[in-house]
Amino acid sequence: MLKVENLDVRYGAIRAVNGISLEVNKGEMVALLGANGAGKSSTLLAVAGALKAASGRILLDGEDITALPPERIVRRGIAMVPETRDVFPDLTVMENLRLGGYIHRHDGQGNSEDLARVMDLFPILKERGEQAAGTLSGGEQQQLVIARALMSRPRLLLLDEPSLGLAPKIVDQIFALIDQMRSMDITILLVEQNATQSLQLADRAYVLSLGQVAASGKASEILKATDIKAIYLGQETRKKKKKSRKR
Amino acid sequence: MSQLLQFTIDTLSLGSLYALMALGLVIVYGILRLVNFAYGELIMVAGYTLYLLSASPVPWLFMAFTAVLMSIFAGIATERVAFRPVREKSVTAVLITSFAFSTLLQNAALLFISPRARVVPLPDVFSQTVEIAGAVVPLRNILTILCAVLLLAGFALLLKKTVLGIALRAAASQFRMARMLGVPANLVISVAFAISGFFAGIVAIFWLGRIGSVLPGIGLGPLLVAFIATVIGGMRSLLGAVVGGYLLAFIDVSLAHLLPSNLLQFRDAFTFTLVIFILLWRPDGLVRGPATGQRT
């Protein structure tokens, strides 16, 4: 479904992503792991069109979407849930959700059905409907951004650190929701700090280090083979990279 | 009593103009974080449209309508010429291009029309007065207030109730996120400039109604007023722009009443001193804007 080939992303002179290639098949859930600054978020933002790729290609169903602006990419069925939990703080929860369905605004009935479904999935949002989104708690905001992304009827959902800064109980809740979304025929590319928990859910995983893919494979294998802590310290993975080069 | 009424109506009518000017500036600033320095020239464009139409036999309302339309058009043109080509490359560049576009429009007026003031056509109602509870008030001032109230209410409704309005507000706080939800950047920005042009056009009608004529440099005053009003009110808040506009008018009108006549010519110095004090007290302006978002 999604194919990223030799992606480079730069912030000025700094290379955040340095030749990453990865693939997400339809119906899969793929996790991107790695330490801070490994290039996970930049990869997602580039797929969503919010960052321009310096080189490389991004293909969706075989079509090149590398140069498309974000507003066009969401129309192709890719929705982004950014790490920064970008709710629109001055808009009410309902207005946030309404904007989530922006690309289907001419389909009023479909939008209200989506809204009803999302409210079922996230009952707290119904309760908070008329409240300004900026006044919600972190967990509620996370639910709101996920719900808002679902309003665009995505085929591929990009989730950037959905558990960041949340209490463990809420994190479990969020992961349960992510699992639920898989049953809704949504393909998921997930970036997470919480490696163990995401590897338990994911089908496959890529471990990134310094802007490159350091390891990849089935989630269960990665979970077994890799010292999870080392992913974040970045030592083990660097050794692996050397090994793979020899091969 | 009648003096108080006079004062209130003066303040409200001047404040209405200031508020609309400020709104036109801040709607663009809110989204792009860039001041459109060619904003004053939108007022000039509307003014010259009125002047050029003055010889034609069409009714005045049609002239005014065309003038506002031209101002909207000039607003959109500003975006296309001065902002869009350089927007994503450099902030400094946009600063320069918007100055350049402003100068270009002014020079075009100098070259093709005249450096001297040109009389604009005005309807009779603009020169009539009414007596309310002993105070003699120009009818024009009452019209200004009514028009501003209608526009502000309509604008608030647009922002609250329509998807486009919600998208505009969203883009003002998190532009990139709004784009990732499918709100096209160019659409939002063009709409912001069109609204900016619309407000400038309406302001031009009433502003020129006070002055009676149009000059190539007519835009500088309103630009400065709009800029100061938004700075007092809070650069990033639409409500702030309105509050700032009315407050600035209150200061202006109060000083006009209070200052002895030999100091009256220094009124601006007093106004700006007060503005400095307001900013020392509230450096971010009176009304806080939405939580910060990234630039494009």
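The values are calculated or read from the model by the stated rules, or taken from the named source; none is laboratory data. All values derive from a computational prediction rather than experimental measurement. Because the Cβ atoms are built from the backbone with ideal geometry, glycine has one as well, and the counts that use them run over all protein chains shown. Heavy atoms of the whole protein, side chains included, go into the accessibility calculation; ligands, DNA and RNA do not. Shrake-Rupley method; radii C 1.70, N 1.55, O 1.52, S 1.80 Å.
Observations on the model:
- Out of A:E5, A:E83, A:E23, sole residue that is away from every other protein chain (no Cβ under 11 Å) and not in a strand (DSSP E or B): A:E83
- Of all residues in the range B:155-169, those satisfying the criterion of being farther than 14 Å from A:R105 by Cβ and open to solvent by 40 Å² or more (accessible area, probe 1.4 Å) are B:A156, B:L157, B:L158, B:K160, B:R169.
- Residue in the range A:48-67 that is open to solvent by 20 Å² or more (accessible area, probe 1.4 Å), within 14 Å of another protein chain (Cβ to nearest Cβ) and closer than 28 Å to A:Q180 by Cα present: yes
- Checklist (1) surrounded by fewer than 18 Cβ atoms within 10 Å (Cβ to Cβ); (2) more than 14 Å from every other protein chain (Cβ to nearest Cβ); (3) in contact with an Asp or Glu (Cβ under 9 Å, 6 or more places away or on another chain) applied to A:R76, failing item: (2)
- Within the range A:86-99, the set of residues being at the interface with chain B (Cβ under 10 Å from one of its Cβ atoms) and of a type in the set (V, I, T) comprises A:V87, A:T92.
- Counted residues, the range A:141-181 - those being crowded, with 20+ Cβ neighbours inside 10 Å, over 16 Å from A:A79 (Cα atoms) and not aliphatic (A, V, I, L, M): 2
- In the range B:123-135, of all residues being without any contact (Cβ under 8 Å) to a residue 24 or more places away in the chain and not in a helix (DSSP H, G or I), the one that is least open to solvent (accessible area, probe 1.4 Å) corresponds to B:V130.
- Residue in the range B:47-54 that is among the polar types (S, T, N, Q) and within 22 Å of B:C147 (Cα to Cα) present: yes
- Residue match in the range A:124-133 (condition: within 11 Å of chain B (Cβ to nearest Cβ) and within 21 Å of A:Q173 (Cβ to Cβ)): yes
Let's see how each residue does on (1) of a type in the set (D, E, K, R); (2) open to solvent by 40 Å² or more (accessible area, probe 1.4 Å):
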{"site": "B:Q3", "(1), (2)": "no, yes"}
{"site": "B:Y18", "(1), (2)": "no, no"}
{"site": "B:G40", "(1), (2)": "no, no"}
{"site": "B:A67", "(1), (2)": "no, no"}
{"site": "B:E79", "(1), (2)": "yes, no"}
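- For the range A:74-98, a residue qualifies if it is out of contact with any strand residue (DSSP E or B) (no Cβ under 8 Å at 6 or more places or on another chain) and farther than 17 Å from B:S173 by Cα, and exactly one does: A:R75.
- Test: residue in the range B:170-187 that is within 14 Å of another protein chain (Cβ to nearest Cβ), under 18 Å from the mean Cα position of the chain (by Cα) and open to solvent by less than 10 Å² (accessible area, probe 1.4 Å): no
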